1. Please report the antiparallel percentage of the DSSP beta bridges confined to the chain, to the nearest 5.
2. Please list the non-local residues whose amide H lies under 5 Å from the amide H of Ile433, H modeled 1.01 Å from N, same-chain partners needing a gap of 5 or more.
3. For Asn182 and Arg86 in the same chain, what is the full-extension length gain: residue separation times 0.36 nm, less their Cα-Cα distance, in nm?
4. Once you have the alpha carbon radius of gyration of the stretch 1-155, what is it after dividing by 2.2 N^0.38 Å, with N set to its residue count?
5. Sketch the reach of a paramagnetic label on Ser383 as a point 7 Å from Cα along Cα-to-Cβ, and name the residues of the stretch 66-107 whose backbone nitrogen lies under 16 Å away.
6. I need to check one value: relative contact order of the stretch 248-343, counting alpha carbon pairs closer than 8 Å and at least 6 residues apart, in percent.
7. Hey, fewest Cβ within 10 Å first, where do Thr333, Thr354, Thr121, Thr21 land in order?
8. Would you mind finding the longest exposed-site-free stretch of the chain, with exposed GluC sites (Glu not before Pro) meaning DSSP loop and at most 13 other Cβ atoms within 10 Å?
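What follows is calculated from the coordinates using simple rules that are stated; it is not laboratory data. As the structure is a prediction and not an experimental result, all values here were calculated from the model. No Cβ is skipped: glycine too gets one built from the backbone with ideal geometry, and neighbour counts run over all protein chains shown.
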Amino acid sequence: MLKTNNIIIQSLHNLKIEKLTLMQENVLKIFSAKKDIILLSPTGSGKTLAYLLPLLNSLHSEKHKVQAMILVPSRELALQIDTVFRMMKTAWTSACCYGGHSISEEKRILAQNCPTIIIGTPGRITDHLKRKNINSTNIHTLIIDEFDKSLELGFQNEMSEIVNNLPRIKKKVLSSATEIENIPDFLKLEQTIKLDYLPKIQNNVDSRLTIMKVHANSKDKIEVLYQLLCASGHGSYIVFCNHRDAVDRIYKLLVEKKISVERFHGGMEQIARERSLYKFRNGSSYVLIATDLAARGLDIAEIKHVIHYHLPINEETFIHRNGRAARWNTTGTSYLILNESENVPTYIQGDIETFKLPIRFSRFPQPLWDTLYIGKGKKEKISRIDIVGFLYKKGNLNKDDIGMINIKEHYSFVAVSRSKVNILLKLVQGEKIKGMKTIIEKAK
């Protein structure tokens, strides 16, 4: 199929992907069958592309009708999927709907752009259906990504209402990073094809991931965390906490210790969460302090270390946290920080090696990159070429000084060499980009 499907071939070319994984190939093969699909595969294994590619084959040429809906549990995952679809550069359009975003702006986009695919969170999609902002008459495919997470977060009623408002669904696809034991009746699944690509895990840890314990002599583990970060080697870290206030507290204390760190939890404003993730992804920060919101549904590659500052609340959470590291063919380490009153959870079998903190250790390394905020984006017709040309000409940078560029609706983030960022800001002060005055500063 792949060899003869020009739409899919062109989409892969636009994404700069040369070869599909076995899982993606198999979903592509069976998608056209008149059966619903249950896809089980780890976070980060490419499930988004696995269902987007074959979905293209089911979309009709009428571009002014909503034909597919993708439900997700978080705004970050919705934006991630929407970004991938746009990068495929097909003839069809998409719209992204999620809480914390202007519902009137979404209504305008739904009315004017007539998207072919709607991607959104259950609560916001339910609102649009009630307001009749979405014409569901021609929607033939429903995909629920991270389905188990949606149930875990309490979206069952909203999903049930959505399904009841989609009268002509011919295909349902459920994807999950864990085994789905009970499928709710409201989904009305009949004949299904189940594809299971979940790894066979020994002791709840992938064989590429080394698990270790670190002992803390006091209930407050912050000093041990700092020493562990300094002693455990280079690479990126996600430090998991069970509560938002703990994330904020640890973030503040590590900043005081001169560590370039970001934070991520559900109590933060959307733009702040986006900024934190972008700075972590582009290498401006090596450490992300987060709640379990970051354990699933986020595209964060090359995580070397997972640190459980707080013990996970259950076995499933432990598995998902660890799943952030040692992805694809890489290796990684998972650390459990235990105070005197804590023990290794019973679901972790076997002897766990103790990581002994050295008496002396080096300071935690500073990142090679810093992040600029530019107060113009897609709506102002700013492109990557505009930004690169501006930084070359006005900021005296060369190609090795510019890293990842992320252009949003009304602002942009750019990774630049940390060693040159202060001089750069002086050089571009008062300068215009594409004839427009704008804010250019370090992303805060």
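1. 25 percent
2. Thr438
3. 31.2 nm
4. It is 1.02.
5. So the set is 87, 89.
6. Numbers: 115 pairs, mean separation 21.8, N = 96.
After rounding, I find 23 percent.
7. The fewest-first ordering by Cβ neighbours comes to Thr354, Thr21, Thr333, Thr121.
8. Details: sites that count: Glu18, Glu62, Glu179, Glu181, Glu190, Glu269, Glu302, Glu340, Glu409, Glu431.
Result for the longest clean stretch: 63-178.
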